[in-house]
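*Asks:* Pasting in a structure now, in structure tokens, and then I'll have a few things to ask.
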Ligand SMILES: O=C(CO)COP(=O)(O)O
Ligand SMILES: [Zn+2]
């Protein structure tokens, strides 16, 4: 994929996520790893109105090369790329239900999303919650480096979801699946929900290996 095609894909997916209400205002940020560095959404930009030519380009060491000033969440994104070499894109949103789940005092910090449907097992896997840190703070990095080798999706405590994928499209799909499953989990609170049996989860994991 050419750099221009990646820029156009960032505009397309940013608009799509924003128009479907998956992150509001200037919240959320997206990065994509290139052969010669990274493309990242500018800080304080609305994902619905990105401009391809203003997207920030960074060198492989994270130095700003061109475009508008990058997202303040670079420590979050770089911690994922460091700990998860197969990651080619990282999507951070403030999507409503996943964010609500990140705020619940009784959510399981090791397993916030129970395996209730096959797609959450296939696309998202087990989701931990890391402790709250200030948006943009480098203090998030050790928490992410600790979890990212085993987890493609993480909830930032009292903040929202962050998901890595082997492509921009895969990371967006996983973020959407995480949001939809968080919605089911919240709506099902108090109901007697059946979880997938362990054998079904093992079969899904063997058939659709998460990257
Ligand atoms: O979601 C955000 C912070 O967590 C948005 O920050 P940026 O505007 O710097 O990308
Ligand atoms: Zn955020």
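*Asks:* Full-extension gain between residue 184 and residue 137, please, as 0.36 nm times their residue separation minus the C-alpha to C-alpha distance.
*Replies:* My answer for the length gained is 13.8 nm.
*Asks:* What ranking do 54, 126, 194, 189 get, fewest neighbouring Cβ atoms within 10 angstrom at the top? Walk me through the numbers before you get to the answer.
*Replies:* Working: 54 14, 126 20, 194 6, 189 9.
Listing 54, 126, 194, 189 from fewest to most nearby Cβ atoms yields 194, 189, 54, 126.
*Asks:* Just 176, 19, 73 to compare: in a GNM of the chain, with alpha carbon springs under 10 Å, which one fluctuates most?
*Replies:* Answer for the Gaussian network model of the chain: 19.
*Asks:* Would you mind checking the stretch 8-39 for residues with the amide N under 19 Å from a putative spin-label position 7 Å along Cα→C-beta of residue 54?
*Replies:* Zone members listed by number: 8-19, 23-32, 39.
*Asks:* Please check: in the Gaussian network model of the chain (C-alpha springs, under 10 Å), which one of 113, 186, 30 has the largest mean-square fluctuation.
*Replies:* Checking each option, the largest mean-square fluctuation is seen for 186.
*Asks:* Between the stretch 58-96 and the stretch 101-146, what is the C-alpha centre distance in whole Å?
*Replies:* 18
*Asks:* Can I ask one more? Is the C-alpha gyration tensor of the stretch 149-211 telling us rounded, prolate or oblate? Criteria: a/c under 1.5 is rounded; beyond that, a/b larger than b/c is prolate, otherwise oblate.
*Replies:* oblate
*Asks:* Next question. According to a simple spin-label model (label point 7 Å from Cα along Cα-to-Cβ), what is the distance in nm between residue 72 and residue 15?
*Replies:* 2.8
*Asks:* Suppose the chain between residue 117 and residue 203 were pulled fully straight at 0.36 nm per residue; how much longer would it get relative to their current alpha carbon spacing?
*Replies:* Values: separation 86, 0.36 × 86 = 30.96 nm, distance 1.31 nm.
Working it through step by step, the gained length comes to 29.7 nm.
*Asks:* Rounded to the nearest 500, what is the chain's calculated 222 nm mean residue ellipticity when only DSSP H runs of at least 4 contribute -39500 (n - 2.57) each, over all residues?
*Replies:* -11500 deg cm²/dmol
*Asks:* Right, next: Which residues does a label at residue 195 reach in the stretch 118-162, if reach means a backbone N under 12 Å from a point 7 Å past the Cα toward the Cβ?
*Replies:* It comes to 126-127, nothing else.
*Asks:* Using a Gaussian network model of the chain with C-alpha springs under 10 Å, which one of 158, 29, 110 is most mobile by mean-square fluctuation?
*Replies:* 110
*Asks:* Could you calculate the contour length gain from residue 61 to residue 106, that is, 0.36 nm times the residue separation minus the distance between their Cα atoms, to one decimal place in nm?
*Replies:* The span from residue 61 to residue 106 would gain 12.3 nm if fully extended.
*Asks:* Measure nothing but the geometry: give the 0 to 90° angle between the long axis through the Cα atoms of 198-207 and the longest principal axis through the Cα atoms of the chain, rounded to 10°.
*Replies:* With both axes taken from Cα atoms, the answer is about 30 degrees.
*Asks:* Turning to a different aspect of this structure: How long are the three semi-axes of the equivalent ellipsoid of the stretch 3-207, in whole Å, if each is the root of 5 times an eigenvalue of the C-alpha gyration tensor, listed from largest down?
*Replies:* Details: eigenvalues 159, 57, 53 Å².
Ellipsoid semi-axes (Å, largest first): 28, 17, 16.
*Asks:* Quote the relative contact order of the chain in percent (integer), defining contacts as alpha-carbon pairs under 8 Å separated by 6+ residues. List each step's numbers first, then the result.
*Replies:* Details: 415 pairs, mean separation 43.9, N = 211.
Relative contact order comes out at 21 percent.
Computed from the coordinates by the stated procedures, all read-outs in this text should not be read as laboratory data. It should be emphasised that the depicted structure is a prediction, and the values quoted were computed from it without experimental measurement. No Cβ is skipped: glycine too gets one built from the backbone with ideal geometry, and neighbour counts run over all protein chains shown.
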